[in-house]
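The values are calculated or read from the model by the stated rules, or taken from the named source; none is laboratory data. Here the structure is a predicted model, which is why all the values come from computation and not from measurement. Ideal geometry is used to build each Cβ from the backbone, glycine not excepted, and the neighbour counts take in all protein chains shown. Side chains included, ligands, DNA and RNA excluded: accessible areas come from the protein's heavy atoms. Shrake-Rupley method; radii C 1.70, N 1.55, O 1.52, S 1.80 Å.
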Amino acid sequence: MACQSCSTSDGGAPKGCKNNGTCGTDSCNKLTVFDWLANMSLPNGETPFDCVEVRFKNGRKDFYRNTEKLTLSIGDIVATEASPGHDIGIVTLTGELVKIQMKKKGVNPTSPEIAKVYRKASQKDIDIWSSVRDKEAEMQVKARELAIVHKLEMKISDVEYQGDGSKVIFYYTASDRVDFRLLIKDYSRVFNTRIEMKQVGLRQEASRLGGIGSCGRELCCSTWLTDFRSVNTSAARYQQLSLNPQKLAGQCGKLKCCLNYELDTYMDALKGFPDFETKLKTEKGDAICQKQDIFKGLMWFAYTENFANWHVLNIEQVKEIIAENKQNKKVSSLEDFAIDTIVEPEKDFNNAMGQESLTRFDQPKKSKNKNRNKNRNKASNSNESQANVIRPNNIQNQGQNQKQGKKSNPQNKKPIIIKKNETKE
């Protein structure tokens, strides 16, 4: 597929990682499309659509017309028309879904300006394609060094070789307009090839480079998201998110695209809410909204003289007070409308197997003090056992000495052993 380990075999089946284009080694999973019409046959007399969708490096896609009536399937490597020469890409979609994708991208299916598919890539085309792709990383480093030498405020984010090696495309990001005419001359002299410069935005740069988001999954812009809508801080305010730029910004440095995913749901839920800036007039004073729960339909109000105490009200109660205020009437107090919040008890989950400890498999560390105490206890126990063994013999020997009229020597602690065959004189 896109990387070397996923190159197709002679029969067209992918080899290497064998993930059919869904591996993450070299952008194989970027902007993949599921052909849900693959198992459906066309009606009698209908000819298949003659355009295919071809993907190049880092998710760059384009549509090409199959004028040669080649039998193409998803995953085939083809040689397409380019200026100059030809380019090498991978077929990502065929059939009627291509027509739908072209209408979605605003491309006329009957336009004569659509480029052509020359042929299926031969082994020579694939070898040249893989060899020039191996040079891209080294070329990117050299290109950045030359841009620093010219003191240009631009960043070379990616380098892409054309399939036949006749042209190199440098993708860069810059905040202002950059005059890189001298830089192009140095590039053509050093790399000895045709140079093309393309400026991309920060979001497009992130989609080309890819990465892992804070959610733990691959970036949406590099996997399935094709249109980049503007994201404002109002989307975070409607969803009651803290305006922390470190949490709301993605890898591109802009606000995350996923802030727009649930924005419509929040907007629909907020239609039944009173305005957040609404003031409630009571006899105790004016009250200002401090917080609102969109899904539970609750609003928290506090008096302007005492912001520490909050009172919880339903939306219907707030609307009732607003209706009274419109008639120049003041309610007695918010306490008459406040809801008693019930604190839910914390759920304490216990494991019946007794394996709730995460360190149950770890071996406890043996401290030096415990080892010393164990050694002392062993030594004292051994001395006591020896004393217990020797004491009866000492008592017996003392008794024998007293019977024989001899004085016992208290300093001599060694027991006297008498054998049965020997007689004592």
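So, for segment 214-325, what is the accessible surface per residue at a probe of 1.4 Å, expressed in square angstrom?
Averaged over the residues of segment 214-325, the accessible area is 63 Å².
What GluC sites (Glu not before Pro) does segment 117-171 have in DSSP loop regions with at most 11 other beta carbons within 10 Å?
In loop regions of segment 117-171 (DSSP not H, G, I, E or B), the sparsely surrounded GluC sites (Glu not before Pro) are Glu153.
Taking 7 Å along the Cα-to-C-beta vector as the label spot, tell me the Leu225-Ile315 distance in nanometres, rounded to one decimal.
Label at Leu225, label at Ile315, 2.9 nm between them.
Using a 7 Å offset from the Cα along the Cα-to-Cβ direction at both Ser188 and Ile339, what is the distance between the two label points in nm, to one decimal?
Each label point is offset 7 Å from its Cα along the Cβ direction, giving 7.2 nm.
Mind ranking Leu72, Leu42 by accessible surface for me, highest first, 1.4 Å probe?
Leu42, Leu72
How large, in percent, is the carbon and sulfur part of the accessible surface of segment 261-343 at a probe radius of 1.4 Å?
Answer for segment 261-343 is 48 percent, counting heavy atoms of protein chains only.
Once neighbouring chains are kept in place and the probe is 1.4 Å, which whole percent of the accessible area of segment 46-92 is contributed by carbon and sulfur?
Looking at segment 46-92 in its full context, I get 46 percent from C and S.
Mind giving me the FRET efficiency for Arg177 and Glu145? R0 is 25 Å, r the Cβ-Cβ distance, nearest 0.05 is fine.
FRET efficiency, Arg177 to Glu145: 0.65.
Out of segment 42-135, which trypsin sites (Lys or Arg not before Pro) are coil in DSSP terms and have no more than 12 other C-beta atoms within 10 Å?
Lys69
Based on the Cβ-Cβ distance of Ile100 and Gln290, what FRET efficiency does E = 1/(1 + (r/R0)^6) give at R0 = 30 Å, to the nearest 0.05?
So, using R0 = 30 Å, E works out to roughly 0.05.
Note down the net charge around Gly95, summing +1 for each Lys or Arg and -1 for each Asp or Glu among other residues with Cβ under 13 Å from its Cβ. Walk me through the numbers on the way to the answer.
Details: positive: Lys99; negative: Asp35, Glu46, Asp50, Glu53, Glu96.
Surrounding charge for Gly95 is -4.
Under 11 Å from a point placed 7 Å out from the Cα of Glu324 along the Cα-to-Cβ direction: which residues of segment 259-284 have their backbone N that close?
281-284
Considering only protein heavy atoms and a 1.4 Å probe, what is the carbon-and-sulfur percentage of the accessible area of segment 176-247?
The nonpolar share, carbon plus sulfur, comes to 48 percent.
Roughly how many Å² is the accessible area per residue of segment 39-117, as a whole number, for a 1.4 Å probe?
That works out to 53 Å² for each residue.
Working out 0.36 nm times the residue gap between Lys155 and Glu283, then minus their Cα-Cα distance, what length gain in nm do you get to one decimal?
Result: 39.8 nm gained on full extension.
Kindly provide the pair-distance distribution of segment 167-270 built from C-alpha pairs, with 10 Å bins from 0 and whole-percent values in order of increasing distance.
12, 34, 27, 16, 8, 2, 0
When the chain is fully extended, how far beyond the present Cα-Cα distance does Asn232 get from Val107, taking 0.36 nm per residue of separation?
Extending this stretch completely gives an extra 42.1 nm.
Please give me, ordered by residue number, the trypsin sites (Lys or Arg not before Pro) of segment 159-210 that lie in loop per DSSP and have at most 12 other Cβ atoms within 10 Å.
Values: sites: Lys167, Arg177, Arg181, Lys185, Arg189, Arg194, Lys198, Arg203, Arg208; in loops: Arg177.
Answer by residue number: Arg177.
Net charge within 15 Å of Lys247 by Cβ-Cβ distance, Lys/Arg positive one each and Asp/Glu negative one each, not counting Lys247 itself?
Details: positive: Arg237, Lys254, Lys256; negative: none.
Net of charged neighbours comes to +3.
Using only protein heavy atoms and a 1.4 Å probe, report how much of Glu277 is accessible, in Å² to the nearest 10.
140 Å²
Run the quick spin-label model on Ala249 and Glu196: label points 7 Å from Cα toward the beta carbon, then report their separation in nm to one decimal.
For Ala249 paired with Glu196, the spin-label model returns 3.3 nm.
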